[in-house]
1. Looking at segment 61-74 only, could you name the residues that are under 13 Å from P101 (Cα atoms) and open to solvent by 90 Å² or more (accessible area, probe 1.4 Å)?
2. Of everything in segment 30-60, what is among the hydroxyl-bearing types (S, T, Y) and either in contact with a Pro (Cβ under 6 Å, 6 or more places away or on another chain) or open to solvent by less than 60 Å² (accessible area, probe 1.4 Å) (or both)? Give them in sequence order.
3. Keeping to segment 17-62, report how many residues are at pLDDT 80 or above and not in a loop (DSSP other than H, G, I, E, B).
4. For segment 80-96, how many residues meet the condition of being farther than 15 Å from D40 by Cα and surrounded by 13 or more Cβ atoms within 10 Å (Cβ to Cβ)?
Amino acid sequence: MLQSLKLRMKQLLFIFLLTISSLGFAQNTGMVVGKVVDYDMGDEPLIYANVSIKGTEIQSDSDVTGLFVLENLADGDYTIVCDFVGYESEEINIRVNSLEPTEVTIALRPTTISLGDLSSI
């Protein structure tokens, strides 16, 4: 009986140490959640706008409600770039904290074309 108790204690100790060591390797990463809207139309969502982190390969497209998510970001400062056909690109500086999601709203302005621009086409 004492032998089985010792074996059981070793198993529990092993499981405890395995759990503690795995927590040490867990990474805290942050995320950015936001919405892309038309500046002139108030809160009208822009569907499939491209949102990316400048200088990285991290990007996302907004969904049918204009919402997007950028995940697995280390804590720090970033520049978000948002592009959409027919609209001016927008860059926003943000700070990411792994303890809570960073929320942003990006309002894009439609591009304007003057008659002079059309004559050169």
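The values are calculated or read from the model by the stated rules, or taken from the named source; none is laboratory data. Predicted model only: the values in this text are computed from it and were never measured. With ideal geometry, Cβ positions are generated from the backbone for all residues, glycine too; neighbour counts draw on all protein chains shown. Ligands, DNA and RNA are excluded from the accessible area calculation, which covers all protein heavy atoms including side chains. Shrake-Rupley method; radii C 1.70, N 1.55, O 1.52, S 1.80 Å.
1. Once the filter is applied, which keeps residues that are under 13 Å from P101 (Cα atoms) and open to solvent by 90 Å² or more (accessible area, probe 1.4 Å), segment 61-74 yields E71, N72.
2. The answer is S52, S60.
3. Total meeting the criteria: 17.
4. Residues meeting the conditions: 7.
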